[in-house]
Amino acid sequence: MKNKEIKILLAAPRGFCAGVERAIEIVKKSIAKYGAPIYVRHEIVHNKYVVDSLKKIGAIFVEELREIKDKSRPVIFSAHGVPKSVPTEADEYKIEYIDATCPLVSKVHREAENLYKAGHHIVLIGHVNHPEVIGTMGQLPKNSIDLIQNENDVENYTLEAGKKIAYVTQTTLSVDDTKNIIASLKKKYPKIKEPYKEDICYATTNRQSAVKNIAKNCEMFFILGSQNSSNSVRLVEVAQQSGCKDSELIHSESEIPFDKIQNCKTIGISSGASAPEILVENFINKIKTKFNVKIDEVEIVKENIIFKVPGKLN
Ligand code: SF4
């Protein structure tokens, strides 16, 4: 096999976004400031490699605050954001908390709140049970926000007569699928109030465009990322919809399907916003052990966004 040449089209931008970099930095700086252990409510970002490496330096992951054994230790809220009830609960337990919610998720929270205060009923376009969706819905009183997942939901949706309606979206959705859902909403509710600025974040949009740009030239496409990472799963769908049917999510280099790759001339690689670059490097290095590899990185845009960590950690 070693004589066989494989071309790798490497999508760029890929991997860590500014919100993920910030959230990981918050955990590291908190451990440096307060010592270990530090609790983290929910996976700080949806990637097993990241979570495991933070566990090694003293992070303890819990799903709910009641699971925290030593409530004298600080807790960090994950990048996905939390419902308003969570900081309230932390105050009740007298647990110090540090909020690692991505500023772009917080922006959607404030937007939903402002639209609600202006008298709108809110629909959130997103995926049921995703922590970001739970967090955004939890910014508003029950029955003032409804989840819509697809065009079918729009069709079956009923709004109380005389109510004004507005929508917000999850930040990591498929740009194309969401366009269709929004078009259906606008058709049904022509006066629906839109977010002031697009909610799907720059990182989601850029990673999807980069994959879209090269997918048609690839026989197989691999997205490095975890199963529970919404933006990684969307990248697989985008690759499939953009001309590379044989696209899959892959957690690490241990899962490479060499038997399938050996029939390809060109494969595509990208990674979700929560997947570290080391996973891509390990993946490529493993492929190099079997094939002669030619790498062509195709960058569609340069990213230079940085989010600062909370001042108290500096
Ligand atoms: S994917 Fe977007 S919204 Fe989510 S953490 Fe990254 S920058 Fe923030």
Original post:
Hey, what's segment 150-251 come to in accessible area per residue, 1.4 Å probe, Å²?
Top reply: 48
Original post:
For the residue pair ILE300 and LYS188, what label-to-label distance in nm results when each label sits 7 Å from Cα along the Cα-to-beta-carbon direction?
Top reply: 2.9
**OP:** Just the number, please: percent antiparallel of the DSSP beta bridges in the chain, rounded to the nearest 5.
**Re:** 0
**OP:** With r as the distance between the Cβ atoms of ASN180 and GLN262 and R0 = 35 Å, compute the FRET efficiency 1/(1 + (r/R0)^6) and round to 0.05.
**Re:** 0.40
**OP:** Give the carbon-plus-sulfur fraction of the accessible surface of the chain in %, rounded to a whole number; probe 1.4 Å, heavy atoms of protein chains only.
**Re:** 50
Original post:
Pairs LYS117/LYS187; LYS29/LYS245; LYS7/LYS48: which are spaced more than 30 Å apart, C-alpha to C-alpha?
Top reply: LYS29/LYS245
Original post:
Excluding ARG66 itself, what net charge comes from residues whose Cβ is under 11 Å from its Cβ, given Lys and Arg +1 and Asp and Glu -1?
Top reply: -2
**OP:** Mind checking which of TYR157, PHE222, GLY19 is farthest towards the positive end of the chain's charge dipole, using Cβ charges of +1 (Lys, Arg) and -1 (Asp, Glu) about the Cα centre?
**Re:** GLY19
**OP:** Have a look at ASN285, GLN139, ASN129 and report the one farthest towards the positive end of the charge dipole of the chain, computed about the Cα centre with Cβ charges (Lys/Arg +1, Asp/Glu -1).
**Re:** ASN285
**OP:** Would you kindly state how much longer the chain becomes between ASN152 and GLU255 on full extension, computed as 0.36 nm times their sequence separation minus their alpha carbon distance, in nm to one decimal?
**Re:** 33.5 nm
Original post:
Residue separation times 0.36 nm, minus the C-alpha to C-alpha distance between LYS216 and GLU25: what's the value?
Top reply: 65.1 nm
Subject >> Using a Förster distance of 25 Å, the FRET efficiency for LYS308-ILE57 (Cβ separation, nearest 0.05) >> reply: 0.70
**OP:** Go ahead and set up a Gaussian network model of the chain, Cα springs under 10 Å, then flag whichever of PRO195, PRO131, PRO276 fluctuates most.
**Re:** PRO195
Subject >> MRE, 222 nm, helices only [DSSP H, n ≥ 4, -39500 (n - 2.57), over the chain, to nearest 500] >> reply: -11500 deg cm²/dmol
**OP:** Send over a whole-number figure in Å² for the accessible area per residue of segment 18-99, probe 1.4 Å.
**Re:** 46
Original post:
Tally Lys and Arg at +1 and Asp and Glu at -1 over the other residues with C-beta under 12 Å from the C-beta of LEU235: what net charge comes out?
Top reply: +2
**OP:** Work the Kirkwood hydrodynamic radius out for segment 103-200: mean of 1/r over every pair of different alpha-carbon atoms, inverted, in Å.
**Re:** 13.2
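The values are calculated or read from the model by the stated rules, or taken from the named source; none is laboratory data. Remember, it's a predicted structure, so these values are computed and weren't measured experimentally. Methodologically, a virtual Cβ is constructed for each residue, glycine included, from the backbone with ideal geometry; neighbour enumeration extends over all protein chains shown. Quick note on the areas: whole protein, heavy atoms, side chains included, nothing else; ligands and nucleic acids left out. Shrake-Rupley method; radii C 1.70, N 1.55, O 1.52, S 1.80 Å.
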